[in-house]
Amino acid sequence: MQTTSKQDKNSKKQPLGAPARVPRATNTPSYVMRFIGANIRKHRESKGDHMTTFELARLTGLNRMTISRTEQGKRFKLETLCTIAEALDISIFTLFFPPLYAKSTKKTAPDTK
């Protein structure tokens, strides 16, 4: 008597020679994905004369809507982030952290002591 688990019955087998599936960032909290998307937008707009999503799509070979959805923090693949970071000439790690050189927009009054 051979028993099979539920997981075996529900798992789909990939055809022989098919590329492995790239996991999506499905367990990543939405605020983290929006943060990464905002960082991509900041780096894109800081390149040259405000690079557009169309220009970035042309550089990466990705669809413009893929770039747009990634910047909005919607579902994206790690492979997409790597491709975008390479096109923007930055390390992928810079997309995960706030910039250290953040400019303060606060104006402070001079000390009158």
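The values are calculated or read from the model by the stated rules, or taken from the named source; none is laboratory data. All figures in this text were calculated on a predicted structure; none of them were measured in a lab. Methodologically, a virtual Cβ is constructed for each residue, glycine included, from the backbone with ideal geometry; neighbour enumeration extends over all protein chains shown. Heavy atoms of the whole protein, side chains included, go into the accessibility calculation; ligands, DNA and RNA do not. Shrake-Rupley method; radii C 1.70, N 1.55, O 1.52, S 1.80 Å.
General remarks:
- Subtracting the Cα-Cα distance of Lys47 and Asp89 from 0.36 nm times their residue separation leaves 14.2 nm of extension gain.
- The 3J(HN,Hα) values that the Karplus relation (6.51, -1.76, 1.60; θ = phi - 60°) gives for region 75-86 are, in residue order, 3, 8, 9, 4, 4, 5, 4, 4, 5, 5, 4, 5 Hz. Gly and Pro appear as x.
- Solvent exposure of Ser30, expressed as accessible area, is near 70 Å², computed with a probe of 1.4 Å over the protein chains only.
- If the chain linking Ser30 and Met65 were pulled fully straight, counting 0.36 nm for each residue of separation and taking away their Cα-Cα distance, it would gain 10.7 nm.
- By accessible area with a 1.4 Å probe, ligands and nucleic acids excluded, highest first: order of Phe96, Phe76: Phe96, Phe76
- Amide N of region 62-95 lying under 16 Å from the label point, which is placed 7 angstrom from the Cα of Phe54 along Cα→Cβ: 62-68
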